[in-house]
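Engineer: Got a structure for you, written out below as structure tokens; questions coming shortly.
The values are calculated or read from the model by the stated rules, or taken from the named source; none is laboratory data. Quick caveat: nothing in here was measured; it's all calculated off a predicted structure. With ideal geometry, Cβ positions are generated from the backbone for all residues, glycine too; neighbour counts draw on all protein chains shown. Remember, those area values only see protein heavy atoms, side chains included, never the ligands or the DNA or RNA. Shrake-Rupley method; radii C 1.70, N 1.55, O 1.52, S 1.80 Å.
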Amino acid sequence: MEQKKMKIVIVSSEKPENISGFGRFIRRLEQEGGVETACLFYVPRQQGDLIGEIKAMQPRLLITVNLPGFDRCTLTDGISYNLLDCRQLHLLLHENLSNEEYLKKQLSIAMFFYCAGNAYYERLKEQYPNLPYLEKLPDWQAGTDERTADANAEALYAAFREVLREGFEFSIEPGRYTRMPDT
């Protein structure tokens, strides 16, 4: 019996090839065999049901790059991503993001935020002390050369693995996962 693939939905307003190491990171996920990815390109202020589209895909993990969609709020002004039943890895790769103000709102404990750079991390920690989980991307580097792209892909993969470690356990076979029992 074939094990079900873990579905990952990626939302970004930037093309993956324009983010240093991101395309390599996606290829590595897909090469695992037990992972299926779907990328959604987000356009601010565009009509559509982003959250409904994500829900319909039933992902186990949502990855966003630079807070796209955080401006989508519920009728009670809550963050719509809070309504999703999945872990969430939010990558903050640039400072002063247009949707950063939404980090002041109540956020789901299923959200994991990773930012690029020590100074950015310290500012976010001070300015948004109620973020459920905030870490630095290990060894994130600015630049577009091959070595930097490889290092950044590794940093993204390390963050991915850390988020999964919080609720999934990998079996011996690469790319296979099982849900940890609730205790």
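Engineer: ALA149 - would you say it is at negative phi and in contact with a Gly (Cβ under 6 Å, 6 or more places away or on another chain)?
Structural biologist: Answer is yes for this residue.
Engineer: Examine the stretch 75-97 for a residue that is among the hydroxyl-bearing types (Ser, Thr, Tyr), open to solvent by 20 Å² or more (accessible area, probe 1.4 Å) and closer than 15 Å to SER12 by Cβ, and state whether such a residue exists.
Structural biologist: Scanning the stretch 75-97 turns up no residue that is among the hydroxyl-bearing types (Ser, Thr, Tyr), open to solvent by 20 Å² or more (accessible area, probe 1.4 Å) and closer than 15 Å to SER12 by Cβ.
Engineer: Taking PHE22 as the residue in question, decide whether it is aromatic (Phe, Trp, Tyr) and open to solvent by 10 Å² or more (accessible area, probe 1.4 Å).
Structural biologist: No; evaluated as a whole, the condition is false for this residue.
Engineer: Here is a follow-up. Of the residues in the stretch 35-53, how many are of a type outside the set (Asp, Glu) and within 14 Å of VAL9 (Cα to Cα)?
Structural biologist: Going through the stretch 35-53 one residue at a time, the tally reaches 10.
Engineer: Does the stretch 62-69 contain at least one residue that is open to solvent by 30 Å² or more (accessible area, probe 1.4 Å) and at pLDDT 90 or above? Write out each step before concluding.
Structural biologist: Applying the first criterion (open to solvent by 30 Å² or more (accessible area, probe 1.4 Å)) to the stretch 62-69 yields none.
Looking through the stretch 62-69, none of the residues is open to solvent by 30 Å² or more (accessible area, probe 1.4 Å) and at pLDDT 90 or above.
Engineer: If you check ALA38, ALA56, which single one turns out to be under 15 Å from the mean Cα position of the chain (by Cα) and open to solvent by 10 Å² or more (accessible area, probe 1.4 Å)?
Structural biologist: Values: ALA56 fails: under 15 Å from the mean Cα position of the chain (by Cα).
After applying the criteria, what remains is ALA38.
Engineer: Among the residues of the stretch 41-53, how many are open to solvent by less than 80 Å² (accessible area, probe 1.4 Å) and not in a helix (DSSP H, G or I)? Let's see the steps before the verdict.
Structural biologist: If we filter the stretch 41-53 for residues that are open to solvent by less than 80 Å² (accessible area, probe 1.4 Å), which is where we start, we get 42-44, 48, 50-52.
Of the ones still in play, those that are also not in a helix (DSSP H, G or I) are 42-44, 48.
Count: 4.
Engineer: Which residues, counting only those in the stretch 96-111, are in contact with a Cys (Cβ under 9 Å, 6 or more places away or on another chain) and assigned to a strand (DSSP E or B)?
Structural biologist: Within the stretch 96-111, no residue meets the criteria.
Engineer: Residues in the stretch 125-152 that are part of a loop (DSSP other than H, G, I, E, B) and of a type in the set (A, V, I, L, M): how many?
Structural biologist: Qualifying residue count, the stretch 125-152: 3.
Engineer: Only one residue in GLY33, GLY48, GLY69, GLY117 is in contact with a Gly (Cβ under 6 Å, 6 or more places away or on another chain) and not aliphatic (A, V, I, L, M). Which one? I'd like the intermediate steps shown before the answer.
Structural biologist: Values: GLY48 fails: in contact with a Gly (Cβ under 6 Å, 6 or more places away or on another chain); GLY69 fails: in contact with a Gly (Cβ under 6 Å, 6 or more places away or on another chain); GLY117 fails: in contact with a Gly (Cβ under 6 Å, 6 or more places away or on another chain).
Exactly one residue qualifies, and that residue is GLY33.
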